[in-house]
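A short worksheet on the structure shown next.
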Amino acid sequence: MVSPRTSKSKDYKALPPDELLAQVNSSPTLLGMAVGKQGTPILHRQVALIEFANAQVMEEVLQSTDLKNFVVRRLGDTVLMIDHERREDLVKLLTKRGYEPRILTN
């Protein structure tokens, strides 16, 4: 399991979500939308998704918490794919910061 990177050395609060994720995540596969070459479908296994009411809420949570350290890929303006093995840690983080997530299961 990958340990989270800390953001203490830089101020990420002024960055938009795409730039924020680009600063924290070094793998080029993590950046941009999930689209296969020439429209081929992509099947993701063993992932967790976090969906926000709107893009502004997602930006606020990314900038005010360490959510950026859990992101595997951005899937859209309001959806992020996160490391499924760290789901419980993320729930604790969000709850502690006042964001009470609603958890859906299969």
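Suppose the chain between E19 and V91 were pulled fully straight at 0.36 nm per residue; how much longer would it get relative to their current alpha carbon spacing?
Roughly 23.5 nm would be gained on extension.
Please compute the modelled spin-label separation between S64 and I103, points set 7 Å along Cα→Cβ, answer in nm with one decimal.
2.2
Readers should treat all values here as calculations from the given coordinates under stated rules, not as data from a laboratory. This structure is a prediction, so every number in the text was calculated from the model and none was measured. Glycine also receives a Cβ, built like all others from the backbone with ideal geometry; neighbour counts cover every protein chain displayed.
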